[in-house]
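Since the structure comes first, as structure tokens, the remarks are kept for the end.
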Amino acid sequence: MFSIFDQFILVMAGLSCLFFIAIQVLVFRFIGAAGVLKWLMNVYWISTILGEGLTIFFARNVSAFHGRGPAELVIVFLVSFILYSLMAFLYVLFILGPYESSVRLRIVQEMDRYYPKGCSLAALLQAYNTEIILKRRLGRLMEAGDISYDGHLYHLKKEINLFLVTDRMVAQLNEFINGPKGDQKQSL
């Protein structure tokens, strides 16, 4: 059903994704909350180099590939890279993202620091309060280059921010349906 090339591409893309997950789990144990975005990209590129390096190595040394032209090897590499990138994206979107932002899991993560002794409500409130959460998130946004801080105020840095595109589209649609902001009726 699947050719040897298809199987090879799937295995190598999966292996690259496993590298990504393993390195991410290892690295994220040692970085602070502010380094998540930077290290996520670093982990992605390190895993890409490892996984795709193995793809090239095995493609050149597997007997099924002998006698194949360089164009076929490039296609195998590119398709494997695209599949790996999609797998890593889905992992971040559906597993890592919710884990990093989930309130319940964050509390469990904080409590794990005190295991097996246990921790008090005061300790949890000190470690997990809105000021700390806001500072972490603002730090991540500054590190990503989305915002800047001039000592008094935070500012958006980029003209086009992918996170804001959908918000602007919804706002324009809302304005089209309801009229300009000044024309909207106040609801009680």
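Taken together, the values in this text are just the output of simple stated rules run on the coordinates, not laboratory data. Remember, it's a predicted structure, so these values are computed and weren't measured experimentally. We place every Cβ from the backbone using ideal geometry, glycine too, and count neighbours over all the protein chains shown.
Quick look at the values:
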{"item": "Cα-based Rg of the chain normalised by 2.2 N^0.38 Å, two decimals", "result": "1.44"}
{"item": "GNM top mover of Gly67, Gly139, Gly35 - the chain, alpha-carbon springs below 10 Å", "result": "Gly67"}
{"item": "Highest-MSF residue in the chain out of Phe30, Phe176, Phe65 [GNM, Cα springs under 10 Å]", "result": "Phe176"}
{"item": "Alpha-carbon radius of gyration plus Dmax, which is the widest Cα pair, for segment 78-120 in Å", "result": "16.0, 52"}
{"item": "Square roots of five times the Cα gyration tensor eigenvalues for segment 1-85, Å", "result": "30, 11, 10"}
{"item": "Positive-end residue of Tyr114, Gly139, Phe30, charge dipole of the chain with Cβ unit charges", "result": "Tyr114"}
{"item": "Principal-axis tilt of helix 130-144 within the chain, Cα atoms, nearest 10 degrees", "result": "50 degrees"}
{"item": "Cut-off under 5 Å, modelled amide H: who pairs with Ile147 long-range", "result": "Met142, Lys157"}
{"item": "Helix 103-112 vs. the chain, principal-axis angle (Cα, 0 to 90°, nearest 10)", "result": "80 degrees"}
